[in-house]
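Here's the structure we're looking at; comments come further down.
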Amino acid sequence: MVPLSELYGRLRAHFGALTGPQAARPWWPIFGNDAPFEMLVGAVLVQQTRWETVEGAILRLLAAGLLSPAAMAEADAVTLATLIRPAAFHTQKAPGLIAIARHIVVGYSGATALLLARPTGELRDELLRLPRIGRETCDVIMLYAGGHAVFVIDAYTRRLFARVAPPLVSAAHGASHGAGTLWRRPYEVLRRAIEAELQLDQPGADPQAAAALYADFHAQINELCVRYCLTQPRCDGPPARRVYSRQPGRESYLGRADGCPLRAVCAHYRTEQARAGAGNE
Ligand code: SF4
């Protein structure tokens, strides 16, 4: 079994830093002047929706002058729904976003950063009480917009970990989950197990360092799953040539022709599985 830290190291060696000061460009493209609120809106819009569609909606909101808590709090739900269309559930996301914006205006004078500065546990509880914010969206907002050390579990994470099978054995949980069932574990169980595993690898890491690691690891997982580990994996490459952002510089990836950086890990896992299967016969 290959530990999480080694998986991360292989991904980072392949893609380079995707977040933080060493990244060539921000992994999360920001087009306006209020990054925390734009990230929050993007995190809600991306539910069941491709990022290309989200970006289009963000740019229309920006052009309409609605990409701030104060402006969105006063917006008409029908107008907002039209602007964010064709994002999935746009007629439900529009009133949800207005309610979130009003919450920020009333409770934090329209400053999303003040909301995000709350202690991690209290912030999670508060965000989860808002409309259109479930656990994954909550953690995306907390990690990327607020810098809190929470590991995001999304569909890409579950798919990749089901395939590469990192061992999740930690003192905090005292149990090892087999790869066959790992991706079906409840959100909170998986998040806590992964955070515990990564902290075991980096004892004494401060919360800021942990947040930086989680942010880049999640970005690396997403990049791998967009380029190589698709529903039909492209293990030997070339990677999918999808350009999913209008942000300048994204097209630089199109020249690559190499294979997935985790091929050796998957091959090792398949060998282990075959050995275990032979042992059971
Ligand atoms: S080698 Fe294939 S299955 Fe394994 S992580 Fe890469 S793309 Fe996915």
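Details
- Candidates Ile98, Ile104, filtered to the one that is touching a residue at least 60 places away in the same chain (Cβ under 8 Å), on the phi < 0 side of the Ramachandran plot and surrounded by 18 or more Cβ atoms within 10 Å (Cβ to Cβ): Ile104
Rundown of residues vs (1) in a helix (DSSP H, G or I); (2) exposed (fewer than 15 other Cβ atoms within 10 Å of the Cβ); (3) of a type in the set (A, V, I, L, M), yes/no style:
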| position | (1), (2), (3) |
| --- | --- |
| Ala211 | yes, no, yes |
| Ala215 | yes, no, yes |
| Val243 | no, yes, yes |
| Arg246 | no, yes, no |
| Val265 | yes, no, yes |
| Glu272 | yes, yes, no |
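- Qualifying positions in region 50-75 - in a loop (DSSP other than H, G, I, E, B) and either buried (at least 19 other Cβ atoms within 10 Å of the Cβ) or more than 22 Å from the chain's Cα centre (by Cα) (or both): Ala64, Gly65, Leu66, Leu67, Ser68, Glu74, Ala75
- Comparison of Tyr244, Tyr253, Tyr214 shows that the only residue that is more than 12 Å from the ligand (Cβ to nearest atom) and at pLDDT 90 or above is Tyr214.
- Put simply, of Ala88, Ala162 the only residue that is touching a residue at least 12 places away in the same chain (Cβ under 8 Å), surrounded by fewer than 16 Cβ atoms within 10 Å (Cβ to Cβ) and not in a helix (DSSP H, G or I) is Ala88.
- Of all residues in region 224-235, those that are in the same structural domain as Gly9 (by TED's automatic domain parsing) have Cβ atoms under 9 Å from Cβ atoms of residues that are of a type in the set (Ser, Thr, Tyr) and more than 9 Å from the ligand (Cβ to nearest atom), 6 or more apart or on another chain, in Leu224/Tyr156; Cys225/Tyr156; Cys225/Thr157; Val226/Tyr156; Val226/Tyr244; Arg227/Tyr253; Cys229/Tyr156.
- Scanning region 109-141 for residues that are free of Cβ contacts under 8 Å to residues at least 40 places away in the same chain and either of a type in the set (Lys, Arg) or assigned by TED's automatic domain parsing to the domain that holds Tyr8 (or both) yields Arg118, Arg124, Arg129.
- Close pairs from region 238-259: first farther than 17 Å from Leu59 by Cα and of a type in the set (D, E, K, R), partner within 15 Å of the ligand (Cβ to nearest atom) and at pLDDT 75 or above, Cβ under 7 Å, at least 6 apart: Arg242/Val226; Arg256/Pro238; Arg256/Pro239; Asp258/Gly237
The values are calculated or read from the model by the stated rules, or taken from the named source; none is laboratory data. What you are looking at is a predicted structure, and each value in this text was computed from that prediction instead of being measured. Methodologically, a virtual Cβ is constructed for each residue, glycine included, from the backbone with ideal geometry; neighbour enumeration extends over all protein chains shown.
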